[in-house]
Amino acid sequence: MVKVWYEPPPGGPRTHLNRGGYYVESSRTPAFITKLNKARPISVVIPALAAIGALCYIPLMNQKNLPITLSPEHVAAQRAYMRYHNMNPIFGISSKKARAADPDH
């Protein structure tokens, strides 16, 4: 009978020899991803959110007019509909305070 000596991987159990934890220390991983992984979270998250916000704002930059649902006529019709159906009667559009403050009513 042959005795087999089991030696766990150097990173501990459930690790692989060809890559590090979270697939970061692989030889195929770009250097900037390794650098981002080792940086503080706040220094990565805030610029990433700013970049995503800037990319999402690009399609809105050249819009000239507001959507039709924000026109004064549509807002007045929506307000009248909400009052007719008594929506949010305590603090909202159908409350006595809101009705007193509205010039159209």
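Values in this text are rule-based calculations from the coordinates and carry no lab data. Just so you know, these numbers come straight off a predicted model, no measurement behind them. Reconstructed Cβ throughout: ideal geometry from the backbone, glycine too, with neighbour counts over all protein chains shown.
Annotations
- Segment LEU36-TYR6, extension gain: residue separation times 0.36 nm, minus the distance between their alpha carbons: 7.3 nm
- Modelled FRET efficiency - R0 35 Å, ASN62 with ASN88, Cβ distances, 0.05 increments: 0.45
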